[in-house]
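Report on one structure; see the data block that follows.
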Amino acid sequence: MIFRTGDVIARRKGVVLHIGVVLAPGEVLHNTPERGEHVSSLDEFAAGRRVRLVRPACGQSHARASSARPRAGRSYNLFTHNCEHTASRVVQGRAQSPQLRSWAVGIGMAAITFALTRHAGASSAAFALGRRLMEAFDQSAMSKTANDPAAVR
(Lines give C-alpha, C1' and ligand atoms only; values in the text may rest on other atoms or scores of the structure.)
Protein backbone atom coordinates (compact mmCIF):
# COMPACT_ATOMS: atom_id res chain seq x y z
CA MET A 1 0.00 0.00 0.00
CA ILE A 2 1.22 3.48 -0.80
CA PHE A 3 0.71 6.04 1.94
CA ARG A 4 0.31 9.79 1.46
CA THR A 5 1.69 12.70 3.45
CA GLY A 6 -0.50 13.18 6.52
CA ASP A 7 -1.73 9.57 6.71
CA VAL A 8 -1.75 8.12 10.22
CA ILE A 9 -0.42 4.57 10.06
CA ALA A 10 0.02 1.77 12.58
CA ARG A 11 1.56 -1.61 13.19
CA ARG A 12 1.10 -4.10 15.99
CA LYS A 13 3.50 -3.85 18.93
CA GLY A 14 2.44 -6.51 21.41
CA VAL A 15 -1.08 -5.78 22.65
CA VAL A 16 -1.08 -2.17 21.42
CA LEU A 17 -0.64 -0.35 18.11
CA HIS A 18 2.48 1.68 17.32
CA ILE A 19 1.36 4.86 15.54
CA GLY A 20 3.20 7.14 13.11
CA VAL A 21 2.51 9.91 10.60
CA VAL A 22 3.71 9.83 7.00
CA LEU A 23 5.72 13.01 6.32
CA ALA A 24 6.77 12.21 2.78
CA PRO A 25 6.95 9.09 0.60
CA GLY A 26 8.82 6.51 2.68
CA GLU A 27 9.30 8.83 5.72
CA VAL A 28 7.46 8.36 9.01
CA LEU A 29 7.48 10.54 12.12
CA HIS A 30 7.00 8.46 15.25
CA ASN A 31 8.08 8.21 18.87
CA THR A 32 9.80 5.26 20.54
CA PRO A 33 11.24 4.63 24.01
CA GLU A 34 14.67 4.00 22.47
CA ARG A 35 14.97 7.08 20.24
CA GLY A 36 12.22 9.48 21.25
CA GLU A 37 10.51 11.50 18.53
CA HIS A 38 12.24 10.87 15.20
CA VAL A 39 11.83 10.32 11.46
CA SER A 40 12.58 6.91 10.02
CA SER A 41 11.96 4.97 6.84
CA LEU A 42 8.68 3.14 6.39
CA ASP A 43 10.60 -0.15 6.55
CA GLU A 44 12.20 0.80 9.87
CA PHE A 45 8.80 1.86 11.24
CA ALA A 46 7.23 -1.43 10.08
CA ALA A 47 9.89 -3.52 11.87
CA GLY A 48 8.93 -6.50 9.72
CA ARG A 49 5.22 -6.24 10.50
CA ARG A 50 2.24 -5.28 8.35
CA VAL A 51 1.50 -1.54 8.37
CA ARG A 52 -2.09 -0.39 8.03
CA LEU A 53 -3.80 2.92 7.46
CA VAL A 54 -5.51 4.22 10.62
CA ARG A 55 -6.65 7.61 9.39
CA PRO A 56 -6.28 8.90 5.84
CA ALA A 57 -4.86 12.33 5.27
CA CYS A 58 -7.24 15.25 4.87
CA GLY A 59 -6.29 18.72 3.68
CA GLN A 60 -5.44 19.97 7.15
CA SER A 61 -3.42 16.92 8.26
CA HIS A 62 -1.58 16.91 4.91
CA ALA A 63 -0.54 20.54 5.39
CA ARG A 64 0.53 19.99 9.00
CA ALA A 65 2.48 16.82 8.19
CA SER A 66 4.26 18.51 5.29
CA SER A 67 5.86 20.98 7.68
CA ALA A 68 6.21 18.69 10.73
CA ARG A 69 9.61 17.77 12.09
CA PRO A 70 10.62 15.94 15.25
CA ARG A 71 10.84 18.12 18.32
CA ALA A 72 14.46 18.18 19.42
CA GLY A 73 15.04 16.77 22.86
CA ARG A 74 11.52 15.31 23.17
CA SER A 75 12.00 11.93 24.74
CA TYR A 76 9.34 9.24 25.00
CA ASN A 77 7.01 9.13 27.99
CA LEU A 78 4.21 6.56 28.05
CA PHE A 79 1.78 8.87 29.85
CA THR A 80 2.55 12.30 28.38
CA HIS A 81 4.48 11.86 25.11
CA ASN A 82 4.00 8.50 23.40
CA CYS A 83 3.63 7.68 19.70
CA GLU A 84 -0.09 8.55 19.69
CA HIS A 85 0.58 11.92 21.33
CA THR A 86 3.10 12.69 18.59
CA ALA A 87 0.80 11.62 15.73
CA SER A 88 -2.27 13.46 17.04
CA ARG A 89 -0.24 16.62 17.69
CA VAL A 90 0.90 16.60 14.07
CA VAL A 91 -2.43 15.84 12.38
CA GLN A 92 -4.90 17.41 14.83
CA GLY A 93 -2.86 20.10 16.53
CA ARG A 94 -3.30 18.61 20.01
CA ALA A 95 -1.61 15.69 21.74
CA GLN A 96 -3.81 12.86 22.93
CA SER A 97 -3.60 9.08 23.29
CA PRO A 98 -6.88 7.20 22.80
CA GLN A 99 -5.22 3.82 23.43
CA LEU A 100 -3.81 5.01 26.77
CA ARG A 101 -7.16 6.48 27.74
CA SER A 102 -9.02 3.26 26.88
CA TRP A 103 -6.55 1.15 28.89
CA ALA A 104 -6.88 3.49 31.89
CA VAL A 105 -10.69 3.37 31.78
CA GLY A 106 -10.63 -0.42 31.36
CA ILE A 107 -8.27 -0.90 34.30
CA GLY A 108 -10.30 1.51 36.43
CA MET A 109 -13.56 -0.28 35.67
CA ALA A 110 -11.94 -3.66 36.38
CA ALA A 111 -10.57 -2.43 39.73
CA ILE A 112 -13.94 -1.02 40.82
CA THR A 113 -15.74 -4.19 39.75
CA PHE A 114 -13.25 -6.39 41.58
CA ALA A 115 -13.52 -4.25 44.73
CA LEU A 116 -17.32 -4.61 44.64
CA THR A 117 -17.63 -8.25 43.58
CA ARG A 118 -14.28 -9.96 44.28
CA HIS A 119 -14.97 -11.87 41.07
CA ALA A 120 -12.14 -12.11 38.52
CA GLY A 121 -14.52 -12.91 35.64
CA ALA A 122 -16.67 -9.86 36.30
CA SER A 123 -13.51 -7.72 36.54
CA SER A 124 -12.26 -9.06 33.24
CA ALA A 125 -15.61 -8.27 31.59
CA ALA A 126 -15.56 -4.75 33.09
CA PHE A 127 -12.05 -4.19 31.70
CA ALA A 128 -13.16 -5.25 28.21
CA LEU A 129 -16.30 -3.13 28.44
CA GLY A 130 -14.35 -0.06 29.55
CA ARG A 131 -11.89 -0.40 26.67
CA ARG A 132 -14.67 -0.90 24.12
CA LEU A 133 -16.63 2.07 25.42
CA MET A 134 -13.62 4.37 25.11
CA GLU A 135 -12.74 3.01 21.66
CA ALA A 136 -16.32 3.65 20.52
CA PHE A 137 -16.19 7.15 22.00
CA ASP A 138 -12.89 7.88 20.25
CA GLN A 139 -14.22 6.50 16.93
CA SER A 140 -17.26 8.74 17.23
CA ALA A 141 -15.15 11.78 18.05
CA MET A 142 -12.76 11.01 15.18
CA SER A 143 -15.58 10.75 12.64
CA LYS A 144 -17.07 14.05 13.84
CA THR A 145 -13.65 15.69 13.48
CA ALA A 146 -13.21 14.25 9.99
CA ASN A 147 -16.59 15.62 8.92
CA ASP A 148 -16.11 19.03 10.53
CA PRO A 149 -12.61 20.54 10.09
CA ALA A 150 -13.53 23.33 12.55
CA ALA A 151 -13.90 20.68 15.30
CA VAL A 152 -10.13 20.12 15.23
CA ARG A 153 -9.45 23.51 16.75
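Just a few scattered comments:
- Of all residues making up segment 45-55, the number that are surrounded by 14 or more Cβ atoms within 10 Å (Cβ to Cβ) and without any contact (Cβ under 8 Å) to a residue 60 or more places away in the chain: 5
- One residue stands out among those in segment 63-93 that are surrounded by 19 or more Cβ atoms within 10 Å (Cβ to Cβ) and over 15 Å from the mean Cα position of the chain (by Cα): the one that is farthest from residue 20 (Cα to Cα), which is 64.
- Of all the residues in segment 99-149, those that are at pLDDT 90 or above and either of a type in the set (Phe, Trp, Tyr) or touching a strand residue (DSSP E or B) at 6+ places or on another chain (Cβ under 6 Å) (or both) number 3.
Quick grid of which residues meet (1) in a helix (DSSP H, G or I); (2) small (Gly, Ala, Ser); (3) in contact with a helix residue (DSSP H, G or I) (Cβ under 8 Å, 6 or more places away or on another chain):
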| site | (1), (2), (3) |
| --- | --- |
| 61 | yes, yes, yes |
| 64 | yes, no, yes |
| 70 | no, no, no |
| 84 | yes, no, yes |
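- Exclusive hit being of a type outside the set (Ser, Thr, Tyr) and in the same structural domain as residue 128 (by TED's automatic domain parsing), set 74, 101, 35: 101
- When 96, 60 are checked against the criterion of being at pLDDT below 95, surrounded by fewer than 19 Cβ atoms within 10 Å (Cβ to Cβ) and in contact with a Pro (Cβ under 8 Å, 6 or more places away or on another chain), a single residue qualifies: 60.
- Residue check for residue 107: of a type in the set (Val, Ile, Thr), surrounded by fewer than 17 Cβ atoms within 10 Å (Cβ to Cβ) and in contact with a Phe, Trp or Tyr (Cβ under 8 Å, 6 or more places away or on another chain): yes
The values are calculated or read from the model by the stated rules, or taken from the named source; none is laboratory data. Computed from a predicted structure; not experimentally measured. Neighbour counts run over all protein chains shown; Cβ positions are idealised from the backbone, glycine included.
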